[in-house]
Amino acid sequence: MRAFYHPDQSLHDPQQYMRFGKIVAPKDLPERTAQLLGALRKHGITPEQPAASGTDPILAVHSEGFVRFLETLWPRWLELPERGPEAWPNTFPYWSGRTDESVRPPCRPTGIMGQLGWYLGDLSVPVGEHCWTSTLRSAETAVAGADAILSGERAVYSLCRPSGHHARADRATGFCYINNTAVAAQRLRSNFGKVAILDVDAHHGDGTQQIFYRRDDVLTISVHADPANYYPFFTGYAGETGNGPGEGFNLNLPLDHGAGGEAMAAAVDRAGAAIKAFGAEALVIALGYDAHKDDPIGVLKLDATDFGTIGAKVKAFGLPTLVVQEGGYAIEAIGGCLDAFLGGFK
């Protein structure tokens, strides 16, 4: 398996994260990449440095205004007379998401954190000095992986950091700034008529869902913890199946909190059946390890070996497959998770 990674991705070093009403130490630490690189070495894989592809592939799925905002934010932040260590919002717009509604629907989450988020917003995406550089390199890593698949490779791993699956077309959220998975899937569409995305991170891939929600050429499937009282709270429910032309091309498979490898394996089997019925010609796996039982912000109970099962099942789909790295914050566990996945995928 070929792999891609750029050392600039480790420059992103967030200093702030709001959780349970207080600022705590961030979870997306640069040390994560060292663990994953170690797992690659164990399998004799030396990642290649991706070529610079710029923002054009990003603009294929993200709005230009949003991308330029991220690109220029840090120098603008430095112009403020009083500022914190990172660009961080202190207000959020009221926006229902539909111009033909005068009020949002009732708050769906049952937990207090979801209800707070509905009214207050997200404080997990601080922007520091090197954030854009790392974000751009992360997206370029996904693009390089997609290009390798387009050139005939059957399996490629893109070690992307920061992660991407929470980033919407015009919004950064959930440790994610640019949606690497979506960028890669769109890139693959240049040669494959139908592309499937299978997201097995513990959190719903809400940004990926939003980007492709009205399209029938990209099937989006997410296996994740029940969002009724877990991030991202407002999406990831089974009834979300697409809109307009995309109706029937989005599948959410939420798992009960505390679920382990057996439940995950069954969900991946369901995903495989949907991918086959869709007639996918290529596959993008959004692979997160925060479903591991030791993850500091996780609620699922997978062991490292369960990621080997996922790898074997994905391999059996028989499709050209790009693996895009998403979350996973148990520093001592994530290397074993990737190790197991690669072992299962062989």
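Ignoring solvent entirely, what values of log10 I(q)/I(0) come out of the Debye formula for the stretch 37-138 at 0.12, 0.14, 0.18, 0.23 Å⁻¹ when each Cα is a single scatterer?
-0.70, -0.87, -1.07, -1.21
Relative contact order for the chain: what is it in percent, counting Cα pairs under 8 Å that are at least 6 residues apart?
19
What are the ³J(HN,Hα) values, in whole Hz, obtained from phi via the Karplus relation 6.51 cos²θ - 1.76 cosθ + 1.60 with θ = phi - 60°, for each residue of the stretch 121-129 in sequence order, with x given for Gly and Pro?
The phi angles translate into x, 10, 10, 10, 10, x, 10, x, 4 Hz.
L188: net charge of surrounding residues, Cβ under 14 Å, Lys/Arg +1, Asp/Glu -1, itself excluded?
Summing Lys and Arg as +1 and Asp and Glu as -1 gives +1.
Mind grabbing the base-10 log of I(q)/I(0) for the stretch 110-160 at q = 0.28 Å⁻¹? Debye formula, identical points on the C-alpha positions, no solvent, two decimal places.
After summing over all Cα pairs, the log10 values are -0.99.
About the Cα centre of the chain, what is the dipole size in debye to 20, counting +1 per Lys and Arg Cβ and -1 per Asp and Glu Cβ, all else neutral?
On the way: 30 positive and 39 negative charges, 79 e Å.
It comes to approximately 380 debye.
Cβ neighbours within 10 Å, averaged per peptide: list 18-30, 293-305 in order, most packed at the top.
Ranking the peptides 18-30, 293-305 by packing returns 293-305, 18-30.
Counting Lys +1, Arg +1, Asp -1, Glu -1, what net charge surrounds P89 among other residues with beta carbon under 12 Å of its beta carbon?
Taking every Cβ under 12 Å from that of P89, the sum is -1.
What value, in deg cm²/dmol to 500, does the helix sum -39500 (n - 2.57) over DSSP H runs of n ≥ 4 give at 222 nm once divided by the residues of the chain?
That calculation yields -11000 deg cm²/dmol at 222 nm.
If you stretched the chain out fully between D217 and T110, how much longer would it get, using 0.36 nm times the residue separation minus the C-alpha to C-alpha distance?
Using 0.36 nm per residue and subtracting the Cα-Cα distance, I get 35.1 nm.
What lysines sit close enough to K301 to cross-link, taking a C-alpha to C-alpha distance under 27 Å and skipping anything fewer than 8 places away on the same chain?
Candidates past the 8-residue exclusion: K22, K27, K42, K293, K313, K315, K346.
Tell me which residues come under 5 Å, amide H to amide H, from Y17 once H is placed; ignore anything under 5 positions away on its chain.
V24
Name the residue farthest towards the positive end of the dipole of the stretch 2-345 from the options T135, M18, W88, assuming +1 on Cβ of Lys and Arg, -1 on Cβ of Asp and Glu, about the Cα centre.
Ranked along the dipole, the leading option is T135.
Would you please report the Å³ per residue occupied by the convex hull of the alpha carbon atoms in the chain?
About 125 Å³ per residue, rounded to a whole number.
Please go through the stretch 198-283 and write out the GluC sites (Glu not before Pro) that DSSP classes as loop and that have at most 15 other C-beta atoms within 10 Å.
Sparse-neighbourhood loop GluC sites (Glu not before Pro): E247, E281.
How much FRET efficiency would the formula 1/(1 + (r/R0)^6) give for T91 and D269, where r is the Cβ-Cβ distance and R0 is 56 Å, rounded to 0.05?
Values: r = 45 Å, r/R0 = 0.79.
FRET efficiency, T91 to D269: 0.80.
Throughout, read-outs are computed from the coordinates displayed, never taken from laboratory work. All values derive from a computational prediction rather than experimental measurement. When we count neighbours, we look across all protein chains shown, and the Cβ atoms used for this are built from the backbone with ideal geometry, even at glycine.
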